[in-house]
There are 2 protein chains.
Amino acid sequence: MDAQRIGRLAAQQEVAELATIDTDRLPHLVPICFAFVEDCLVTAIDQKPKSTVRLTRLANIGVNPEVAVLFHHYEDDWDRLWWVRANGMARVEDSGADREAALEALEKKYEQYQRDPPRGPAIIVTVDRWQAWAATGLN
Amino acid sequence: MDAQRIGRLAAQQEVAELATIDTDRLPHLVPICFAFVEDCLVTAIDQKPKSTVRLTRLANIGVNPEVAVLFHHYEDDWDRLWWVRANGMARVEDSGADREAALEALEKKYEQYQRDPPRGPAIIVTVDRWQAWAATGLN
């Protein structure tokens, strides 16, 4: 599967899953809404976090910035299953131009965010590896 | 959300995501079909692996048995979003009664497996922690 095809499959999904490694070295997993800004995958925290309630995914990225993101398609016809996986380095942006660009891309993709923009930080993942699989190949 | 409700939400999904930690301590992520055998989550490898081509998820579990599994629901109405996450210890069974019980549960749940049973090992996860979230609570 060529890189362009992989990127298109990933980008057209509405939801993905973000895996991080927590401070006890255990895997952590949440669903995310996401968009792409150039080659970076971006996602955002809906609520402005209180300093005392920092979300696990943000704490994890602070300690272990290496993350994995999965995009996949499920249906009863298993000949049509596929997945795309991105590995990369994540950073958290509480403010500034990169967060603004992330929010702009998210609001463009999701009308839910147009009505109620994310108020928390953005997570920006610089993807350094793509992998993909499809049950019958994707041409 | 009570434990029974969490378990029902998880079990009724057709696909979940399995996060492991690889031998480089990086997060790894694949979609899985799954079933429950008593309190254990079970999944299986479709193809009998050649000894030279051991799947990453199996190698990862051999080194780091702690895994996370995510079950989630997405739709455009974000008030209806929810996720359930299970953390636990995984083991790989290449043969024997536990693998047989896992395959039986998977074939009962998925008619695709009735037609073409998994030929590879079973992964059996003893769940030690459930967490759940819903946009508007689940009552």
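The values are calculated or read from the model by the stated rules, or taken from the named source; none is laboratory data. Remember, predicted model here, so these are calculated numbers, not experimental data. A quick note on method: Cβ atoms are made from the backbone with ideal geometry, for glycine too, and the neighbour counts reach across all protein chains shown. Note: areas computed on protein heavy atoms with side chains; ligands, DNA, RNA excluded. Shrake-Rupley method; radii C 1.70, N 1.55, O 1.52, S 1.80 Å.
Do you know which residues of region B:23-47 lose at least 10 square angstrom of accessible area in the protein assembly compared with their chain on its own, with a 1.4 angstrom probe?
At a threshold of 10 Å² (probe 1.4 Å), the residues of region B:23-47 that become less exposed are B:25, B:26, B:27, B:28, B:29, B:30, B:31, B:33.
Any chance you could give the angle, 0 to 90 degrees and rounded to 10, that helix B:3-12 forms with the longest Cα principal axis of chain B?
In chain B, helix B:3-12 runs at an angle near 60 degrees to the longest axis.
For the protein assembly as shown, what is the Kirkwood hydrodynamic radius in Å, using each pair of distinct C-alpha atoms? Intermediate results must be reported in sequence, preceding the final value.
Values: mean 1/r = 0.0514 Å⁻¹.
The answer is 19.4 Å.
So, in nm, how far is label residue B:24 from label residue A:46 when the simple model puts each one 7 Å beyond its Cα toward the Cβ?
With each label point 7 Å from Cα toward Cβ, the separation is 3.4 nm.
Would you kindly work out the equivalent ellipsoid of region B:29-88 from its C-alpha gyration tensor and give its semi-axes, the square roots of five times the eigenvalues, largest first in whole Å?
Semi-axes (√(5λ), whole Å): 28, 14, 12.
How many times 2.2 N^0.38 Å is the alpha carbon radius of gyration of chain A? Could you put the intermediate results ahead of the total?
Details: Rg = 15.3 Å, N = 139, 2.2 N^0.38 = 14.3 Å.
Working it through for chain A, the quotient is 1.07.
With a ≥ b ≥ c taken as the square roots of the eigenvalues of the C-alpha gyration tensor of region A:70-139, please select rounded if a/c is under 1.5 and otherwise prolate if a/b is larger than b/c or oblate if it is not?
Details: a/c = 3.64, a/b = 1.80, b/c = 2.02.
Taking the square roots of the gyration eigenvalues as a ≥ b ≥ c, region A:70-139 is oblate.
How far apart are the residue A:97 label points across copies, placing each 7 Å from Cα toward Cβ, in nm, shortest first?
6.6
Summing Lys, Arg as +1 and Asp, Glu as -1, what charge do residues with Cβ under 11 Å from the Cβ of residue B:36 carry, residue B:36 excluded? Intermediate values should be presented prior to the final figure.
Details: positive: B:8, B:108, B:109; negative: B:38, B:39.
That works out to +1.
With r defined as the distance between the Cβ atoms of residue A:37 and residue B:56 and R0 fixed at 35 Å, what FRET efficiency is calculated, to the nearest 0.05?
Efficiency, from the Cβ-Cβ distance: 0.75.
In region A:80-119, what percent of the accessible surface is made up of carbon and sulfur (1.4 Å probe, ligands and nucleic acids excluded)?
45
Checking an interface number: how much accessible area is buried between B and A, summed over both chains, with a 1.4 Å probe, in Å² rounded to 100?
For B against A, buried area totals roughly 2900 Å².
At residue A:80, label 7 Å along Cα→Cβ: distances to the other copies, nm, ascending?
Relative to the other copies, residue A:80 has label-point distances of 2.0 nm.
Tell me, what is the per residue accessible area of the protein assembly as shown in Å², probe radius 1.4 Å?
On a per-residue basis, 51 Å².
List the distances, in nm and shortest first, from the label point of residue A:37 to the matching label points in every other copy, placing each point 7 Å from Cα along the Cα-to-Cβ direction.
Here the equivalent label points are 4.7 nm apart from this one.
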